1. Output the residue which, of all residues in the stretch 217-246 that are within 19 Å of the chain's Cα centre (by Cα), of a type outside the set (S, T, N, Q) and not in a helix (DSSP H, G or I), is nearest to the ligand (Cβ to nearest atom).
2. Are any residues in the stretch 85-121 assigned to a loop (DSSP other than H, G, I, E, B), farther than 15 Å from Tyr135 by Cα and among the polar types (S, T, N, Q), and if so, which ones?
3. Condition test on Val237, is it under 15 Å from Leu19 (Cα atoms) and either small (Gly, Ala, Ser) or modelled with pLDDT of 95 or more (or both)?
4. Do we have Ser151 as within 27 Å of Leu11 (Cβ to Cβ), touching a residue at least 24 places away in the same chain (Cβ under 8 Å) and surrounded by 15 or more Cβ atoms within 10 Å (Cβ to Cβ) here?
5. Can you tell me how many residues within the stretch 1-51 are surrounded by fewer than 22 Cβ atoms within 10 Å (Cβ to Cβ), within 13 Å of Ala232 (Cβ to Cβ) and of a type in the set (D, E, K, R)?
6. Quick one: in the stretch 178-194, of everything that is surrounded by fewer than 23 Cβ atoms within 10 Å (Cβ to Cβ) and hydrophobic (A, V, I, L, M, F, W, C), which residue is nearest to the ligand (Cβ to nearest atom)?
7. Is there any pair with a first residue in the stretch 106-124 that is among the β-branched types (Val, Ile, Thr) and a second that is surrounded by fewer than 15 Cβ atoms within 10 Å (Cβ to Cβ) and at pLDDT 95 or above whose Cβ atoms are under 9 Å apart and which are 6 or more apart or on different chains, and what are they?
Amino acid sequence: MIENVFKRKLLARERQIGLWLAMADAYAASIAGQAGFDWLVIDAEHGPNDLRSILAQLQSIESTPSMPVVRPPQGEGWMIKQLLDIGAQTLLIPMVENAEQARQLVAACRYPPRGRRGMGAGIARASRFNTIPDYVDAADDQICLLVQIESRQGLDNLEAIAAIEGVDGLFIGPADLAADMGHTGNMHHSAVQAAVESAIGRIQACGKPAGILTFDVDLNRRYLELGATFVAVGADVPIFTAALGDLLAPYSASATRPPSRGY
Ligand SMILES: O=C(O)C(=O)C[C@H](O)[C@@H](O)CO
């Protein structure tokens, strides 16, 4: 069986530094994989990814030291089935707001009788095309399910969501949380930051690892100090945009200099 190193380290509470990939490009994913990040999010919620582009990125990351995490547009059973069959082992599910939703997600990630994942990996990449003889027996334990808490309702139900066996980590989405709290585009608002910091503590008090994404290095240091285990520190698109703007700036007043506000 292929070991999910991200999951092993997460459960051991080893700090893991990640990068968001929204370029939806396998060649760019290879470059990011060689840069030394522990984990890379292939983002199909806001990146223009489909099953084929996710597959290509999984294949290119496999030959690097990084571990892939796939974020589908939402937590639908049929999407999860396809992603697991192409070999994704770690999923990050957006907008999880209650325990029942979390329970359904866990079931979608596990074979019967523990869950309701459809049989068929024998013809898919997950089992390396049926060359992993014990795949069906060993698969469940290598799947890592991360759920995103990014609304007031999700915060209200945080403890109930964390209590679901099979939820391996809780990841705070500060941009969506800020929007839901009425501070759209301003995750730095003091009320949002207070909610984020409290959530990091509450997740750990439940005995689960906490994760988050921000492009702000000082906030990342703070979150790590507070005990966050898996922290994504940037995203490929804004990094590329800023680097191109910096390159062009000495020659042109029209160089693009986007604000780094983290949404
Ligand atoms: O709410 C958030 O924050 C997220 O879910 C991450 C966002 O999708 C975005 O900030 C990625 O750049």
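1. If we take residues in the stretch 217-246 being within 19 Å of the chain's Cα centre (by Cα), of a type outside the set (S, T, N, Q) and not in a helix (DSSP H, G or I), then Ala235 is nearest to the ligand (Cβ to nearest atom).
2. Answer for the stretch 85-121, where residues must be assigned to a loop (DSSP other than H, G, I, E, B), farther than 15 Å from Tyr135 by Cα and among the polar types (S, T, N, Q): just Asn98.
3. Values: under 15 Å from Leu19 (Cα atoms): yes; either small (Gly, Ala, Ser) or modelled with pLDDT of 95 or more (or both): yes.
Here the answer is yes, as Val237 does meet what is asked.
4. yes
5. 2
6. Of all residues in the stretch 178-194, those surrounded by fewer than 23 Cβ atoms within 10 Å (Cβ to Cβ) come to 179-186, 188-194.
After this cut, where a residue has to be hydrophobic (A, V, I, L, M, F, W, C) as well, the list is 179, 181, 191-192, 194.
Details: Ala179: 8, Met181: 11, Ala191: 15, Val192: 10, Ala194: 16 Å.
The selected residue is Ala179.
7. Final answer for the pair search is Val106/Arg114; Val106/Glu165; Ile123/Phe129; Ile123/Asn130.
The values are calculated or read from the model by the stated rules, or taken from the named source; none is laboratory data. Keep in mind the model is a prediction, meaning the values are calculated, not measured. So basically every Cβ, Gly included, is an ideal-geometry build from the backbone, and we count neighbours across all protein chains shown.
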